[in-house]
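Beneath this line is the structure, given in structure tokens, with notes to follow.
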Amino acid sequence: MSQAIEVVPTGAALGAEVRGVDLRLLDEAAFEAIHRAWLDHAVLLFRGQALSDDDLIAFSRRFGELDWAPVQENGRRFVEGKPEIYIVSNVLGPDGQPIGSLGAGEAVWHTDMSYLPMPPKASLLYAREIPPQGGDTHFASMYAAYDLLPEALKARCAGLMVKHDGTYNSGGFLRAGVTPTDDPRDAPGHLHPLVCRHPETGRRMLYLGRRRLAYIAGLPLEESEALLDALWSCATRPEICWTNRWRVGDLVLWDNRCTMHRRDPFDPAARRIMHRTQVKGAAPPAA
Ligand code: OGA
Ligand code: MN
């Protein structure tokens, strides 16, 4: 029997809450409705879920093959025997090492792993423990960001490629094995089209990744910086954002092709434990 799924848009430029569903018990029709809502709203929130790592992996797999999680900041992988699970946490384990990544500070605006040639198409983040305050996650629509660019700026972007830096993660931690540089032209990363077309919705979107050490190929550094600053001031305007104030049991699924996200800091003495998966994606096509 199909579950009576209700999709309630947030009223913001992106995001919807999906009600009336237990993600452990989805039939094909319910999954199709969720998939459609995900393409329409880019970010979906499912409250009150009770997911083991295996449940999270099983639901995530319905969207496609999963990536292995990135390596933790201390160079280790996360969950023994479950290489698909990435932990975002400030909590210390018995050995005094963090059990996950990103600490308790701000995680700046980013798209997950866009410094790779084929970034994940989706990320799924599940809340196991949440601090009493702080640690909210904000999402921005990169469709809306493109749409609100002044025409002259849209024209300026046409045909340009932007380097998505791979030196630091969103928490500001140096990635394992990278020698840092301050010059965006030398930073490691991958060039993607600055304006992409979503492979499933066909809509145009701005594809920025992250600000630090970004570089627009072929431009003098000062011109690249000025253009990026102009684009970023549009791409993070409050009117194209939506925020999730987490509750334990929330699962948030985002389309990693057409959104960016960032996280507020929280009290480092409080505990926050999130488990994440990511679904394999393809190279973002130019618009
Ligand atoms: C992530 C991420 C932010 C958060 O898991 O990719 O950026 O709120 N998380 O934990
Ligand atoms: Mn992220």
Assigned charges on the beta-carbon of Lys, Arg, Asp, Glu; the chain dipole about Cα centre (debye)
140
Do me a favour and compute the ellipsoid semi-axes for the stretch 1-111 from its Cα gyration tensor, root of five times each eigenvalue, largest one first, whole Å.
30, 18, 13
Among V178, L148, T201, which residue has its Cα furthest toward the positive end of the charge dipole of the stretch 142-235, with +1 on Lys/Arg Cβ and -1 on Asp/Glu Cβ?
T201
Whole-percent pair-distance distribution, where bins are 10 Å wide, for the alpha carbons of the stretch 142-235
16, 48, 29, 7, 0
Send over the semi-axes of the chain's equivalent ellipsoid, whole angstrom and largest first, taken as the square roots of 5 times the C-alpha gyration tensor eigenvalues.
29, 24, 17
Could you tell me the distance between the Cα centroids of the stretch 128-165 and the stretch 168-238, to the nearest Å?
10
Give the order of S52, S123 when sorted by the count of other beta carbons within 10 angstrom, beginning with the fewest.
S52, S123
How would you rank I273, I34, going from fewest to most other Cβ atoms within 10 Å of each one's own Cβ?
I273, I34
Provide the packing ranking of 252-263, 237-248, i.e. peptides ordered by the mean count of other C-beta atoms within 10 Å per residue, highest first.
252-263, 237-248
21 Å Cα-Cα reach of K280 towards lysines, excluding residues that sit fewer than 8 places from it in its own chain
K82, K121, K163
Between E32 and A158, what is 0.36 nm times their sequence separation minus the Cα-Cα distance? Round to one decimal in nm.
41.9 nm
If L148, L194, L174 are placed from fewest to most neighbouring beta carbons inside 10 Å, the sequence is L174, L148, L194
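Only the coordinates and a few stated rules stand behind these numbers; no lab work does. Everything numeric here is computed off the predicted structure, so don't read it as measured data. Glycine also receives a Cβ, built like all others from the backbone with ideal geometry; neighbour counts cover every protein chain displayed.
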